[in-house]
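The values are calculated or read from the model by the stated rules, or taken from the named source; none is laboratory data. Predicted model only: the values in this text are computed from it and were never measured. Neighbour counts are summed over all protein chains in view; Cβ atoms, including those assigned to glycine, are modelled from backbone coordinates with ideal geometry. The protein model used for the area step is the full one, side chains on, heavy atoms only, and it has no ligands, DNA or RNA in it. Shrake-Rupley method; radii C 1.70, N 1.55, O 1.52, S 1.80 Å.
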Amino acid sequence: MRDEELITKKELLERTGISYGQLYRWKRKQLIPESWFIRKATFTGQETFFPKEKILKRVQAISEMKDNLSLDELAEKFSPRAVTKIVLTEQELLDQNIVSEATLIIFKELAAKVNEFRFDDLLTLSILDQMLKSGQMNRFEAQDLLDVLKKNSSKIYDKNGCLYFVRKMGVSIVFITEEDVAVYLDEHAKLIGKQRISAHMERLKAVIERTDPSDKNREDLRK
Amino acid sequence: MTEEKRSLTISGSGRAPGGCYEDVKISGSGKIIGDIMCGSISINGSGRISGDVKGSTIAVSGSAVFEKRVIAESINVNGTCRAEGNVSGERIQVNGRMHTAASIRGESVRVSGTLKVEGDLESEEIVAEGPLNVGGLCSAEHIDMTLAGFASRIGEIGCGTLTVHRRLSSELFGKLFKVFGKKLIVDTIEGDDLYLEDTEAKVIRGNRVRIGPGCSIGRVAYKNEYAKDEKAEVQSAVKE
């Protein structure tokens, strides 16, 4: 949440033309996550702020879709849990350029040999891919990353989690924080890499939605 | 599922384990230990449930304590009821007294007794004819309050339409009850269409704001329409 540009509630309503009633209705239906309502004391009393870019995008998306979908359907679409229904095959994964082939081979060596990838696998792959490509992590250290993500990634879908990769005297540690908080290390430890998990999720969702407008994969799963 | 679910009846005094039941009835004093899932629960004496409760109808006529979460289609409280966890139900009707330590989420919430919610109260419709106390946010499409009895205190209100009326009473009764502070005290109100009587608020923001008699308001920010009764006090009103 830090370093994000904020917008006041008043400004939001003015810019988007929505009413208080709509804003509260969408909040009740969980179309707008609770964590986006940021309360701050100002000289006129307490004010509510929103992360500017996210809220403007979300309000626009809701306004565009609300004529065709019910609010409950929209809520499902925006729910961070909705991603758990996504399943991709190996071919789709490569076609959509989510991950490089080299990373995929390592993943299949270390984790299960599967042909279908659920969203938590995709998330792991995406993060692993970036860590390997940037040269921050070697393939032997990848196992730790897979372990921590496998056990915990689903817990932080709706949070603002970060993954840290730290080395101290040649020993590496991978850990996840539930929110984007400040982390302080002792002087011999070195922060090698930090990945914002929500950024990876956004990227994945965007890729999947772009190439798959009909929500085919979600439909398949329901059958 | 062909297995037939049993019903549970406690008459007199007793305790029973949680589990899956058809109908649960406590007529004397009963305690259910563990989570419970059932078609209906009716508590006529005093009942305590130590786990989560999931049922289609819950009726409390005596006194009940729910120590964890409550999920039901309809919740009807005619006696007193205390819930320690979150409560969610499509139709929630409180004719007696209900106290929730966490939040309530419903489609329709009607109160003619008293309702106290320490967290948030969210519903599509809220109709209150008795004192309504909400520690956090009270959010609904329509909120209709008739002030009666003790004062209602609410942290924040966010809504489509809000109407707050004083109950019509004879001159004598009116004076008598004034001692009890029959009014609504709230920090901020935000909504599209607001009509208030006997309300104390620090900040009000809305499209159409009408301040009726007996109000004492700090700041009003309105978009389209603003009206103030001569028996109301407003420190400042600005069009935004």
Checklist entry - A:Lys168: of a type in the set (D, E, K, R) and in contact with a Leu (Cβ under 9 Å, 6 or more places away or on another chain), yes or no? => result yes
Checklist entry - Could you list, in sequence order, the residues of segment B:178-187 that are under 13 Å from B:Asp198 (Cα atoms) and at pLDDT 70 or above? => result B:Lys182, B:Lys183, B:Leu184, B:Ile185, B:Val186
Checklist entry - Within segment B:135-153, how many residues turn out to be buried (at least 22 other Cβ atoms within 10 Å of the Cβ) and away from every other protein chain (no Cβ under 14 Å)? => result 3
Checklist entry - Limited to segment A:29-43, what total is found for residues that are under 22 Å from the mean Cα position of the chain (by Cα) and either open to solvent by less than 90 Å² (accessible area, probe 1.4 Å) or of a type in the set (Val, Ile, Thr) (or both)? => result 8
Checklist entry - What number goes with the only condition from (1) exposed (fewer than 15 other Cβ atoms within 10 Å of the Cβ); (2) touching a residue at least 24 places away in the same chain (Cβ under 8 Å) that A:Lys57 does not pass? => result (2)
Checklist entry - Looking at (1) open to solvent by 60 Å² or more (accessible area, probe 1.4 Å); (2) away from chain B (no Cβ under 11 Å); (3) polar (S, T, N, Q), which is the one condition that is false for A:Thr16? => result (1)
Item to check | Members of segment B:154-177 that are more than 16 Å from the chain's Cα centre (by Cα) and either open to solvent by less than 50 Å² (accessible area, probe 1.4 Å) or at pLDDT 90 or above (or both) | outcome: B:Gly160, B:Thr161, B:Gly174
Item to check | Subset tally (residues that are within 14 Å of chain A (Cβ to nearest Cβ), among the small types (Gly, Ala, Ser) and surrounded by fewer than 19 Cβ atoms within 10 Å (Cβ to Cβ)) for segment B:185-226 | outcome: 2
Checklist entry - Can you find even one residue in segment A:78-86 that is buried (at least 16 other Cβ atoms within 10 Å of the Cβ), at pLDDT below 80 and farther than 25 Å from A:Ile38 by Cβ? => result yes
Item to check | Failed criterion for B:Gly85 (all others in (1) more than 14 Å from every other protein chain (Cβ to nearest Cβ); (2) closer than 30 Å to A:Ile18 by Cβ; (3) assigned to a loop (DSSP other than H, G, I, E, B) hold) | outcome: (2)
